Amino acid sequence: MPEDNIDHIDFEELNASAISSPLVKHIYTADPSAHVFEGKIYIYPSHDVDAGEAFDDLGSHFAMEDYHVLSMDSPEGEVTDHGMALHVNDVPWAERQMWAPDAAHKDGTYYLYFPAKKADNIFQIGVATSSSPAGPFVPEPEAIEGSYSIDPAVFQDDDGKYYMYFGGIWGGQLQHYRDNQYDTAYAEPEAHEVALGPRVALLTDDMKQFAEPVKELVITDEDGNPLLAGDNSRRFFEAAWVYKHNGKYYFTYSTGDTHLICYAIGDSPYGPFKYTGVILEPVVGWTSHHSVVEFQGTWYLFYHDSSLSSGVTHLRSIKMTPLIHNEDGTIQTIVPYKQ
Ligand code: FUB
């Protein structure tokens with residue numbers, strides 16, 4: 001339900017039909033990365049603000065400056081806002097646009113991963129640490145070497161290895177990279193060419209660097225052929241999130257301009273991943289971004305929409321709803337508003 005038809009939306013009616021409510025209303029939040037830490041649900045969202053930036057296709061109006069960490073004792077419980085966990089002014093290498101973050105835990109330390117633009121207008125990904133899942137987080141002085149683009153999502157495999165998935169096209173700048181080299185001469189592939197893939201890298205033992213050159217992932221169709229760039233309702237756009245279910249790796253992501261959250265399944269953290277279906281149909285607002293987490297035996301989708309702000313695309317609110325895997329490993333598609 002993107003913003004081109006916003007004039008026709010009755011937000012009162014729509015909010016009444018929404019299958020879930022904003023988790024918090026005192027601030028705008030988006031891009032929720034949820035984890036179970038210390039027996040609670042911790043959520044690492046973007047903190048949306050209206051900074052007065054003009055709208056453009058590069059997402060300059062998403063001018064976020066800091067992060068707040070939220071937590072809940074249970075899915076029905078109250079949500080606690082732990083306050084500001086990290087501000088862009090405290091990150092030496094970052095200038096602006098603190099976009100979708102994620103977090104990880106290893107050996108008593110919590111790691112907050114976040115993208116931001118540097119003074120040269122190029123996105124990189126940084127890391128900050130804390131002894132508490134709620135922060136505050138202390139940033140490393142430099143961005144992660146070899147990182148680029150946006151939307152880091154860190155997945156811990158059963159063997160104790162941690163992988164960072166990342167990337168996003170258009171405002172996320174992924175179209176300007178080939179073989180990990182940046183050049184504005186590089187652009188989105190033509191419709192008949194293979195789509196750009198999300199990126200992955202194993203993290204070093206100290207969780208602060210990439211332990212290997214960044215690899216490009218492949219999402220295939222049912223016949224094993226890579227999805228094409230013109231396949232807008234299935235190809236990767238942004239918002240990577242990986243989890244494991246019954247021994248399979250689920251690579252989940254947003255299709256951007258077709259506003260879907262989709263999933264693709266593979267047998268390795270490096271893919272290839274076979275496109276399997278839609279997790280979440282379009283929400284109010286241009287962007288869609290999510291995470292999937294299991295808490296006490298039930299799976300949940302965390303997502304966002306712009307219904308609380310009556311459709312302002314950069315003023316979003318995070319929500320959660322149960323997610324159901326079928327016996328065959330497919331996921332039941334979630335329709336965010338009742339018909
Ligand atoms: O929140 C800013 C950007 O919007 C995120 O990085 C994207 O995934 C989209 O949700």
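Only the coordinates and a few stated rules stand behind these numbers; no lab work does. Worth saying up front: this structure is predicted, and the values here are computed from it rather than measured. Don't worry about glycine lacking a Cβ; one is built from the backbone with ideal geometry, like all the others, and counts go over all protein chains shown.
Taking 20 Å as the straight-line reach from the Cα of LYS117, the lysines in range (excluding those fewer than 8 positions away in the same chain) are LYS208. For segment 156-227, the Cβ-based charge dipole about the Cα centre amounts to some 340 debye (Lys, Arg positive; Asp, Glu negative; other atoms uncharged).
Summing Lys, Arg as +1 and Asp, Glu as -1, what charge do residues with Cβ under 14 Å from the Cβ of ASN121 carry, ASN121 excluded? Summing Lys and Arg as +1 and Asp and Glu as -1 gives -1. Bridging of LYS244 to lysines at a Cα separation below 21 Å is possible for LYS40, LYS106, LYS161, LYS215, LYS274, once same-chain residues fewer than 8 apart are set aside. For segment 11-57, chymotrypsin sites (Phe, Trp or Tyr not before Pro) meeting the loop criterion (DSSP other than H, G, I, E, B) and having at most 13 other Cβ atoms within 10 Å: PHE55.
Just add up the charged neighbours of ALA63: K/R +1, D/E -1, any other residue whose Cβ is under 9 Å from the Cβ of ALA63.
Numbers: positive: ARG96; negative: ASP50, GLU53, GLU65.
Net charge around ALA63: -2.
Comparing GLU38, GLU327, GLU212 in a Gaussian network model of the chain (Cα springs below 10 Å), the most mobile by mean-square fluctuation is GLU327.
Report P(r) for segment 210-331: all Cα-Cα distances, bin width 5 Å, range 0 to the bin holding the largest distance, values in whole percent. That works out to 2, 11, 20, 23, 19, 13, 9, 3, 0, in percent per bin.
The Cα atoms of the chain define a convex hull whose projected area, averaged across directions, is 16.3 nm². Considering all C-alpha pairs of segment 225-282, those separated by over 17 Å amount to 31%. Each Lys or Arg adds one and each Asp or Glu subtracts one; over the other residues with Cβ under 13 Å from the Cβ of PRO269, this totals 0.
Summed over qualifying helices (DSSP H, 4 residues or more, each -39500 (n - 2.57)) and divided by its residue number, the chain shows a 222 nm mean residue ellipticity of -500 deg cm²/dmol. Remark on segment 10-88: hydrodynamic radius 14.3 angstrom, per the Kirkwood mean of 1/r across alpha carbon pairs.
Given an 8 Å cut-off on Cα distances and at least 6 residues of separation, report the relative contact order of segment 264-335 as a percent.
Relative contact order, segment 264-335: 28 percent.
Listed by chain and number, the aspartates and glutamates whose alpha-carbon sits under 15 Å from that of LYS319, ignoring those within fewer than 8 places in the same chain, are ASP31, ASP48, GLU76, GLU78, ASP81, GLU281, ASP305.
Comparing TYR44, TYR186, TYR300 in a Gaussian network model of the chain, where Cα atoms under 10 Å apart are tied by springs, the biggest mean-square fluctuation is seen for TYR186. For the options ALA185, ALA63, ALA134, a Gaussian network treatment of the chain with springs between C-alpha atoms closer than 10 Å singles out ALA185 as fluctuating the most.
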